[in-house]
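Heads up: the structure comes next, in structure tokens.
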Amino acid sequence: MLDENSGKRDRGEHKSYNAGMTENLTPPFAGLTPDTLLDAVESTGLCASGSLLALNSYENRVYQVGMEEGPPIVAKFYRPARWSDTQILEEHAFSLQLAEREIPVVPPLTLNGATLHHSGGYRFALFPRRGGRVPELGDPATLEWIGRFLGRIHALGDTAAYVARPTLDIASFGEEPLAFLMSTATLPPELKEVYRGVAQQALDGVHRCYDRAGALRMRRLHGDCHVGNMLWTDDGPHFVDFDDSRMGPAVQDLWMLLSGEREERAGQLADVLAGYEDFCEFDLRELHLVEALRTLRLIHYGAWLARRWHDPAFPAAFPWFAGGRFWEEQILSLREQIALMDEPPLWRLP
């Protein structure tokens with residue numbers, strides 16, 4: 001399964017189909033030089049030492065910045081035009097609410113009464129640096145521990161709704177991305193109609209999954225809860241990068257923790273829910289959406305790469321995207337999803 005934070009090795013030489021991959025060909029971070037970055041940090045009143053380390057991020061630009069006094073901080077520069085100021089501030093407010101309740105997240109620093117800052121034509125936020133390692137998702141105790149904190153996040157997320165941030169739904173994560181891909185020259189010509197047909201068939205399956213689940217409660221989520229956004233220490237996990245936070249079903253923050261064969265995934269789910277339901281009730285009908293959400297992520301991922309191809313970081317990090325084999329594998333993955341979406345959910349529903 002591909003996700004927006006994973007890379008794959010180059011699979012060899014392929015014909016490139018780069019034309020028409022994006023509406024805007026201006027590199028979004030072309031003006032973010034080291035001087036611009038340091039000036040931005042110091043505009044908040046902090047004094048940087050000049051030490052910079054680029055951290056792994058594609059959607060935004062994230063740097064560890066050394067300070068003249070005290071430990072380094074993390075500076076996150078937001079991709080232009082992706083979120084409005086209001087949407088960013090909603091996410092910041094949620095992170096701060098979670099931290100106030102001692103839920104282990106990494107919220108932005110409040111400097112001069114603000115968490116979102118502007119400098120040099122960029123918007124940015126500063127965060128404390130927090131270390132950690134990737135959690136061991138094969139350990140039942142680890143999954144239960146993660147589940148407890150996700151339950152606490154969702155319990156608070158259920159107390160209020162985002163007003164400006166969007167909801168994860170079929171239209172925004174499936175139908176619109178597919179329409180975008182069909183409007184560009186992203187796919188190799190010989191695969192375009194094949195992909196369209198398979199993706200549309202997959203979306204029909206997604207609709208059936210949502211119909212089986214029925215009306216579900218939407219709440220504020222982390223939104224992108226994979227192992228790359230969780231850091232583990234001896235004190236347990238802490239969650240980072242709420243950039244994709246939005247309204248959605250609770251299972252969106254659970255399904256990416258599951259891997260392996262069906263029996264393995266069912267056991268992992270039981271471990272997660274053992275901790276989760278100590279703090280937040282889980283609606284078992286949401287299990288109808290696990291494979292539907294995986295399918296939406298596949299379609300969204302292809303469009304995400306296409307929209308970002310003008311950013312020099314993307315061809316460097318994802319060179320295989322310009323070849324036909326990627327789309328052949330996407331077609332195969334979607335066909336597998338079509339079959340999986342017609343299988344019963346991991347647990348028998350009441």
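The values are calculated or read from the model by the stated rules, or taken from the named source; none is laboratory data. Values in this document were obtained by computation on a predicted structure and should not be read as measured data. Here the Cβ is made from the backbone with ideal geometry for all residues, glycine too, and neighbour counts use every protein chain on show.
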Inset, instruction - Would you mind stating whether LEU168 is modelled with pLDDT of 95 or more and either surrounded by fewer than 16 Cβ atoms within 10 Å (Cβ to Cβ) or under 24 Å from CYS280 (Cβ atoms) (or both)? - result: yes
Inset, instruction - Provide a single number: the residues in segment 171-198 that are surrounded by 15 or more Cβ atoms within 10 Å (Cβ to Cβ), closer than 25 Å to ASP211 by Cβ and among the hydroxyl-bearing types (Ser, Thr, Tyr). - result: 1
Inset, instruction - Please find, among LEU289, LEU257, the residue that is aliphatic (A, V, I, L, M), crowded, with 22+ Cβ neighbours inside 10 Å and touching a Phe, Trp or Tyr at 6+ places or on another chain (Cβ under 9 Å). - result: LEU289
Inset, instruction - Could you look through segment 116-147, keep only residues that are buried (at least 19 other Cβ atoms within 10 Å of the Cβ), of a type outside the set (A, V, I, L, M, F, W, C) and assigned to a helix (DSSP H, G or I), and pick out the one that is nearest to the chain's Cα centre (by Cα)? - result: GLY147
Inset, instruction - State the number of residues belonging to segment 202-225 that are in a helix (DSSP H, G or I) and either in contact with a Leu (Cβ under 7 Å, 6 or more places away or on another chain) or in contact (Cβ under 8 Å) with a residue 40 or more places away in the chain (or both). - result: 9
Inset, instruction - State which residue pairs qualify: first residue among the hydrophobic types (A, V, I, L, M, F, W, C) and inside segment 314-328, second residue crowded, with 16+ Cβ neighbours inside 10 Å and part of a loop (DSSP other than H, G, I, E, B) in any location, beta carbons under 6 Å apart, and separation of 6 or more residues or different chains. - result: PHE314/ARG308; TRP327/LEU187
Inset, instruction - Just give me the residues in segment 231-263 being under 25 Å from GLY132 (Cβ atoms), of a type in the set (Asp, Glu) and part of a helix (DSSP H, G or I), in sequence order. - result: ASP253
Inset, instruction - Taking the options GLU261, GLU176, GLU193, name whichever one is out of contact with any Asp or Glu (no Cβ under 9 Å at 6 or more places or on another chain), under 22 Å from ARG308 (Cα atoms) and assigned by TED's automatic domain parsing to the domain that holds ILE299. - result: GLU176
Legend entry - Among the residues listed as ASP283, ASP211, the single one being of a type in the set (D, E, K, R), surrounded by fewer than 19 Cβ atoms within 10 Å (Cβ to Cβ) and over 24 Å from the mean Cα position of the chain (by Cα): ASP211
Inset, instruction - Give just the number: which of (1) within 19 Å of SER172 (Cβ to Cβ); (2) hydroxyl-bearing (Ser, Thr, Tyr); (3) surrounded by fewer than 21 Cβ atoms within 10 Å (Cβ to Cβ) does THR295 not satisfy? - result: (3)
Inset, instruction - Identify the single condition in (1) in contact with a helix residue (DSSP H, G or I) (Cβ under 7 Å, 6 or more places away or on another chain); (2) under 20 Å from LEU137 (Cβ atoms); (3) assigned to a helix (DSSP H, G or I) that SER333 does not satisfy, given that it satisfies every other one. - result: (2)
Legend entry - Scope segment 27-63; condition surrounded by 12 or more Cβ atoms within 10 Å (Cβ to Cβ), more than 22 Å from ALA81 (Cα to Cα) and of a type in the set (D, E, K, R); matching residues: GLU42
Inset, instruction - Can you tell me which residue among MET247, MET341, MET256 is under 30 Å from PHE124 (Cβ atoms), of a type in the set (A, V, I, L, M), touching a Gly at 6+ places or on another chain (Cβ under 9 Å) and touching a residue at least 24 places away in the same chain (Cβ under 8 Å)? - result: MET247
Inset, instruction - Please work out if PRO104 is over 21 Å from PRO312 (Cβ atoms), surrounded by 15 or more Cβ atoms within 10 Å (Cβ to Cβ) and modelled with pLDDT under 95. - result: yes
